[in-house]
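A quick write-up on the structure given underneath.
Each value in this text was obtained by applying a stated rule to the coordinates, not by laboratory testing. What you see is a predicted model, and the numbers here were worked out from it, not measured in a lab. Here the Cβ positions follow ideal geometry from the backbone for every residue, glycine too, while neighbour counts run over all protein chains shown.
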Amino acid sequence: MARGINKVILVGNLGNDPETKYTQGGMAITRISLATTSVRKDKDGNQQERTEWHRVVFFGKLGEIAGEYLRKGSSVYVEGSIRYDKYTGQDGVEKYSTDIIADEMQMLGGRGEGGGGGGGGGERAARPQRQEYSSSSSSAPRRQAPAPQQAPVDDFADDDIPF
């Protein structure tokens, strides 16, 4: 029997600074609020924006990286799975929560992007290379493979082909 797929992909901006806590065993757990905005036109042709807020949780090394490098307003790409939980609050009422459990993250844009400051002169700071992080056992950042080199083109005429 086929197994199901639980996959979430989000690209958005942080609504606040990450909150990182550590378990007794030393594992990092970082939580963020991520905003995604969609735009559509209503029946009168006016643009309508809708912003959804997502609770995203990072564990382990990925949690440490998210807590260290992400800040309020940062743009980020997140892949993970959705988790629904039910629990009883302190007041005895059943409560529900929906979290995205991240297993991959890619920071988009540079630090301080969109912020003020910086000099005049029309100079732009070099944009840092995008890095992708994964919750896999490797502690090194995952990077996309370089584009393959094109093979050299042989110059020959159609008359040289023997068929």
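At-a-glance table
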| read-out | value |
| --- | --- |
| All positions within region 14-29 that are surrounded by 16 or more Cβ atoms within 10 Å (Cβ to Cβ) and outside any strand (DSSP E or B) | PRO18 |
| Residue check, ILE65 touching a Phe, Trp or Tyr at 6+ places or on another chain (Cβ under 7 Å), surrounded by 10 or more Cβ atoms within 10 Å (Cβ to Cβ) and more than 20 Å from SER97 (Cβ to Cβ) | yes |
| Cross-chain or 6+ apart pairs with Cβ under 6 Å, region 24-38 first and in contact (Cβ under 8 Å) with a residue 24 or more places away in the chain, then assigned to a loop (DSSP other than H, G, I, E, B) and surrounded by 13 or more Cβ atoms within 10 Å (Cβ to Cβ) | THR30/PRO18; ILE32/PRO18 |
| Qualifying positions in region 52-76 - of a type in the set (A, V, I, L, M) and either assigned to a strand (DSSP E or B) or more than 17 Å from MET27 (Cα to Cα) (or both) | VAL56, VAL57, LEU70, VAL76 |
| From GLU49, GLU79, residue being acidic (Asp, Glu), in a strand (DSSP E or B) and within 17 Å of LEU14 (Cβ to Cβ) | GLU79 |
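One line per residue, one yes/no per condition, for (1) more than 15 Å from the chain's Cα centre (by Cα); (2) of a type outside the set (Phe, Trp, Tyr); (3) surrounded by 10 or more Cβ atoms within 10 Å (Cβ to Cβ):
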{"position": "ARG31", "(1), (2), (3)": "no, yes, yes"}
{"position": "GLY45", "(1), (2), (3)": "yes, yes, no"}
{"position": "GLN48", "(1), (2), (3)": "yes, yes, yes"}
{"position": "TYR69", "(1), (2), (3)": "no, no, yes"}
{"position": "TYR84", "(1), (2), (3)": "yes, no, no"}
{"position": "ILE100", "(1), (2), (3)": "no, yes, yes"}
